[in-house]
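Beneath this line is the structure, given in structure tokens, with notes to follow.
The values are calculated or read from the model by the stated rules, or taken from the named source; none is laboratory data. Remember, it's a predicted structure, so these values are computed and weren't measured experimentally. When we count neighbours, we look across all protein chains shown, and the Cβ atoms used for this are built from the backbone with ideal geometry, even at glycine.
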Amino acid sequence: MHMPHLHPALQFTHPLPYGALLHDHGVQFVVFSRSATAMRVLLYDSVLDADPSEIIRFDPETDRWGDVWSVFVPGLKAGQLYHLQADGPYEPQLGQRFDGTARLVDPFAKALTGCYMPAEDGITRPPKCVVIDDAFDWQGDRHLRRSLSETVIYEMHVKGFTRSATSGVENPGTYLGVIEKIPYLKSLGVTAVELMPVHEFPIHDTHGRAMSRPNYWGYDPMAFFAPHRGYATSNEPGAQVNEFKTMVREMHKAGIEVILDVVFNHTCEGNELGPTVSFKGLENRVYYMLENGGAYYRNYSGCGNTVNGNHPICREMIFLCLRHWVHNYHVDGFRFDLASILSRDREGHLVPNPPLVEQIAEDPMLADTKVIAEAWDAAGAYQVGTFASMRWAEWNGMYRDDIRAFWRGDGHKRGALATRMAGSSDLFEHGGRKPYHSINFITSHDGFTLSDLVSYSRKHNEANSEGNRDGDNNNYSANYGVEGPTRRKDVESLRLRQIKNMLATLLLSQGVPMIVHGDECRRTQKGNNNAYCQDNEISWFDWGLIHENADLVRFVRSLITFRKSEPTVRRETFLRGTSDQPGDLPDVSWFASDGRPINWTEDDPCLVCLLKAHASPDDLAATRHVLILINGSHQAREFMLPPVARSQPWRLLLDTAAETPEDIYPEGDGPSLASRRKLNLQDRSMVCYVAEQTVAKRRKAGGA
């Protein structure tokens, strides 16, 4: 290779930061390995090259600084393709798995290109790394910095959102395809999208073959710093970088934040029988939690291995990765998959104040971002409500289970329903946290869609080719008389009502609501509650449903609009059941269906909730009292208005048993209750009224 003359200042090799660093006159390659005896960079001219065109060897005398190997290669530019290769001890019984023939993905690679190439000679050839120029025209874009209490999250899969031909987009299944659907997201009213994994993960197996069960969800990472190449429209190496940035920029222009679902708990290298793709071939004993002297992998992830997140080297890598996505991609937050693994030490023990969790919470570079934990793991840890500090919000799995169980008709769930709707103070308040630390959800990517939740009493995962053994058996679901699709109008009417009941409960609860893409239009996975490998119509968003179920979309859109306009249902402090002044309404009151104070020991699935109008001191807009009546029983019930509610000018907001358009009044200006003291609620239904309290009245009452 021709070596051009270098400016003297460029002849000094900097040992940090890690990765392939682009300079004016070449590229600096920096990699960590404590046990390697030799290190090489393999350079390629094209994606399809089976073998390198140039091999750059690190000089252990001049190119090694402690455990950091660093070499500057002049003349290289953005777009250069490369692998790493390391010699070292192969002693599996001691946790050493160096393979001097293996082509390795750089753990800090900013982009990958291509797929696994056939390995007739026994050499595994993973996707190639790409040298990236981070420059991008952000057009002045900055983080939106929306508070959690004002957030409505929409969980979605980048590919599945537009891959169906029904999407009608120019670039289906891609980052750019998502951009084409931003008007829909904006019209729905969501304030943030939570993207299922966009870090690189394998498209083909290690022999270059299409996988019989592809990891459609993407929970199988191989390069944490790189956006997934499979969601780019262009095959040009590194194109996914600019396309992803363009998507984020355009989301921000629409006022929508971007949250990434990140998987720092395991990698695609699997257990001791898995391939050597990256970390195993560079420093296996550091990057993974091992056992039996190092011969086997601890498996708290359920995916074969566990990243050693609280080892200082791994901790630094994860920390730098988060900064990379915040600084270079302007993402607004992270949802940490199986986050309890981040609370485990190197022996797998759960520890208080785990260093990585605390470092993420305290990092000034991440201060404007949202950090959300899935506070459990596959080995039995369950930390909902106790995961970490004030900085962390959490997926509230108990909210999901309690709301599902109540509306299904399980006994003794009235108190649980009230607790969850009030913000789950039982889980979060004791640590000084707030209602918005609870990410409320009824469905997520993992499990039934909302339509399937009310259409199937059991899972139907036969298409996964695992004998229907995969997926959770405990779904709190019901089919209401028919398993799956039906033409019975009575069953379909009840199913739709139950969908509205759960969506209304979610969007009127204190805390932060999360909706799964397609639940607003009855997307179905045909009873599959573990569609991780279904890269097809089972998982893809059918955009025809937007029109087919336009009335439900309107219902959800109107609910989101109400929530965003009404601080009474998204308070930043927990409800106390007390009033600010004598004679004033308490912030929340609970009643039985007969209008009397509720007896929580009774097994009655009916209740009434009265929320006093609430606004922040600097909010001069009118705010409203909210009256929620819930009949969870299987019979119609008569409700008496509580005496304290009879003098208010109530107007109907929603009635889940009514036909559209009478099921919801977006402005809360539906029919008046007038002087009525009694209401009849259909079985398994929910009604909500609002009564406006003016600024003047609030001031007189000592509010604003």
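When you scan region 633-648, how many residues do you find that are without any contact (Cβ under 8 Å) to a residue 60 or more places away in the chain and either exposed (fewer than 14 other Cβ atoms within 10 Å of the Cβ) or not in a loop (DSSP other than H, G, I, E, B) (or both)?
Residues that pass the stated criteria total 10.
Pull out all pairs, ordered by first then second residue, where Cβ-Cβ is under 8 Å, the residues are six or more apart or on different chains, the first lies in region 441-463 and is without any contact (Cβ under 8 Å) to a residue 40 or more places away in the chain, and the second is of a type in the set (A, V, I, L, M, F, W, C).
SER457/ALA478
Kindly indicate whether PRO582 is assigned to a loop (DSSP other than H, G, I, E, B), farther than 25 Å from GLU429 by Cβ and either without any contact (Cβ under 8 Å) to a residue 40 or more places away in the chain or not assigned by TED's automatic domain parsing to the domain that holds CYS688 (or both). I'd like the intermediate steps shown before the answer.
Numbers: assigned to a loop (DSSP other than H, G, I, E, B): yes; farther than 25 Å from GLU429 by Cβ: yes; either without any contact (Cβ under 8 Å) to a residue 40 or more places away in the chain or not assigned by TED's automatic domain parsing to the domain that holds CYS688 (or both): yes.
So PRO582 fits the description; yes.
For ASP426, state whether it is charged (D, E, K, R), part of a helix (DSSP H, G or I), buried (at least 17 other Cβ atoms within 10 Å of the Cβ) and touching a residue at least 12 places away in the same chain (Cβ under 8 Å).
Taking the combined requirement at face value, the residue does not satisfy it.
On the phi > 0 side of the Ramachandran plot, at pLDDT 95 or above and in contact with a helix residue (DSSP H, G or I) (Cβ under 8 Å, 6 or more places away or on another chain): is that true of GLY423 in this structure? First the steps, then the outcome.
Numbers: on the phi > 0 side of the Ramachandran plot: yes; at pLDDT 95 or above: yes; in contact with a helix residue (DSSP H, G or I) (Cβ under 8 Å, 6 or more places away or on another chain): yes.
When the stated conditions are applied, GLY423 passes them.
Can you tell me which residue within region 651-670, out of those that are at pLDDT below 95 and touching a strand residue (DSSP E or B) at 6+ places or on another chain (Cβ under 8 Å), is surrounded by the most Cβ atoms within 10 Å (Cβ to Cβ)? So that I can check it myself, show each step before the final result.
Within region 651-670, the first condition is being at pLDDT below 95, and the residues that meet it are 666-669.
From what's left, touching a strand residue (DSSP E or B) at 6+ places or on another chain (Cβ under 8 Å): 668-669.
Working: GLY668: 22, ASP669: 12.
Only one residue fits best here, namely GLY668.
Residue-wise test of (1) surrounded by fewer than 23 Cβ atoms within 10 Å (Cβ to Cβ); (2) farther than 24 Å from ARG163 by Cα; (3) outside the structural domain of PHE562 (by TED's automatic domain parsing); (4) without any contact (Cβ under 8 Å) to a residue 60 or more places away in the chain.
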{"position": "HIS207", "(1), (2), (3), (4)": "yes, yes, no, no"}
{"position": "SER234", "(1), (2), (3), (4)": "yes, no, no, yes"}
{"position": "GLN240", "(1), (2), (3), (4)": "no, no, no, no"}
{"position": "ALA254", "(1), (2), (3), (4)": "yes, no, no, no"}
{"position": "THR267", "(1), (2), (3), (4)": "no, yes, no, yes"}
{"position": "GLY270", "(1), (2), (3), (4)": "yes, yes, no, yes"}
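Can you confirm whether PRO183 is in the same structural domain as GLU257 (by TED's automatic domain parsing) and either under 29 Å from THR276 (Cα atoms) or surrounded by fewer than 20 Cβ atoms within 10 Å (Cβ to Cβ) (or both)? Before you say what the answer is, go through the steps one by one.
On the way: in the same structural domain as GLU257 (by TED's automatic domain parsing): yes; either under 29 Å from THR276 (Cα atoms) or surrounded by fewer than 20 Cβ atoms within 10 Å (Cβ to Cβ) (or both): yes.
Considered against the rule, which asks whether it is in the same structural domain as GLU257 (by TED's automatic domain parsing) and either under 29 Å from THR276 (Cα atoms) or surrounded by fewer than 20 Cβ atoms within 10 Å (Cβ to Cβ) (or both), PRO183 comes out as yes.
Restricting the search to region 305-314, which residues are of a type outside the set (Val, Ile, Thr) and surrounded by fewer than 19 Cβ atoms within 10 Å (Cβ to Cβ)? Spell out how you get there, then give the answer.
Residues of region 305-314 that are of a type outside the set (Val, Ile, Thr), as a first pass: 305, 308-312, 314.
Within region 305-314, PRO312 is the sole residue that qualifies.
Given the criterion more than 38 Å from the chain's Cα centre (by Cα), outside the structural domain of ALA295 (by TED's automatic domain parsing), among the polar types (S, T, N, Q) and modelled with pLDDT of 95 or more, identify the matching residue among THR37, THR101. Steps first, answer last, please.
Numbers: THR101 fails: more than 38 Å from the chain's Cα centre (by Cα).
Exactly one of THR37, THR101 is more than 38 Å from the chain's Cα centre (by Cα), outside the structural domain of ALA295 (by TED's automatic domain parsing), among the polar types (S, T, N, Q) and modelled with pLDDT of 95 or more, namely THR37.
Step by step: first the residues of region 35-61, then only those that are closer than 16 Å to THR124 by Cβ and of a type in the set (A, V, I, L, M), then the one that is surrounded by the most Cβ atoms within 10 Å (Cβ to Cβ). Which residue is that?
LEU42
So, in region 410-439, exactly how many residues are in contact with a Ser or Thr (Cβ under 7 Å, 6 or more places away or on another chain) and acidic (Asp, Glu)?
1
Condition check: modelled with pLDDT of 95 or more, part of a loop (DSSP other than H, G, I, E, B) and among the aliphatic types (A, V, I, L, M). Does ALA621 satisfy that?
Values: modelled with pLDDT of 95 or more: no; part of a loop (DSSP other than H, G, I, E, B): yes; among the aliphatic types (A, V, I, L, M): yes.
When the stated conditions are applied, ALA621 does not pass them.
Could you go through region 654-664 and let me know if any residue there is within 32 Å of the chain's Cα centre (by Cα) and either of a type in the set (D, E, K, R) or farther than 26 Å from ASP551 by Cα (or both).
For region 654-664, residues within 32 Å of the chain's Cα centre (by Cα) and either of a type in the set (D, E, K, R) or farther than 26 Å from ASP551 by Cα (or both): present.
Which condition does TRP65 not pass, out of (1) among the aromatic types (Phe, Trp, Tyr); (2) buried (at least 16 other Cβ atoms within 10 Å of the Cβ); (3) in contact (Cβ under 8 Å) with a residue 40 or more places away in the chain, if it passes all the others?
Here TRP65 clears every test but (2).
How many of the residues in region 276-297 are surrounded by fewer than 21 Cβ atoms within 10 Å (Cβ to Cβ) and among the basic types (Lys, Arg)?
1
Checking the conditions here, which among GLY397, GLY411 is closer than 30 Å to VAL626 by Cβ and surrounded by fewer than 16 Cβ atoms within 10 Å (Cβ to Cβ)? Walk me through it before giving the result.
Numbers: GLY397 fails: surrounded by fewer than 16 Cβ atoms within 10 Å (Cβ to Cβ).
Checking each option against the conditions leaves just GLY411.
Of all residues in region 88-104, how many are under 17 Å from SER35 (Cβ atoms) and either touching a Cys at 6+ places or on another chain (Cβ under 8 Å) or surrounded by 17 or more Cβ atoms within 10 Å (Cβ to Cβ) (or both)?
7
Which condition from (1) crowded, with 16+ Cβ neighbours inside 10 Å; (2) farther than 20 Å from GLY632 by Cβ is the one that GLY467 breaks?
(1)
Pull up region 104-138, narrow it to residues that are in the same structural domain as SER33 (by TED's automatic domain parsing) and among the aromatic types (Phe, Trp, Tyr), then point me to the one that is modelled with the highest pLDDT.
PHE108
Does ASP59 satisfy the condition of being at pLDDT 95 or above and under 28 Å from PRO227 (Cβ atoms)?
On the way: at pLDDT 95 or above: yes; under 28 Å from PRO227 (Cβ atoms): no.
In short, no.
Residues that are closer than 17 Å to VAL454 by Cα, more than 21 Å from the chain's Cα centre (by Cα), assigned by TED's automatic domain parsing to the domain that holds ILE203 and not in a strand (DSSP E or B): does region 505-525 have at least one?
The answer is no, given that none of the residues of region 505-525 is closer than 17 Å to VAL454 by Cα, more than 21 Å from the chain's Cα centre (by Cα), assigned by TED's automatic domain parsing to the domain that holds ILE203 and not in a strand (DSSP E or B).
Examine region 526-546 for a residue that is crowded, with 21+ Cβ neighbours inside 10 Å, small (Gly, Ala, Ser) and in the same structural domain as GLN682 (by TED's automatic domain parsing), and state whether such a residue exists.
Scanning region 526-546 turns up no residue that is crowded, with 21+ Cβ neighbours inside 10 Å, small (Gly, Ala, Ser) and in the same structural domain as GLN682 (by TED's automatic domain parsing).
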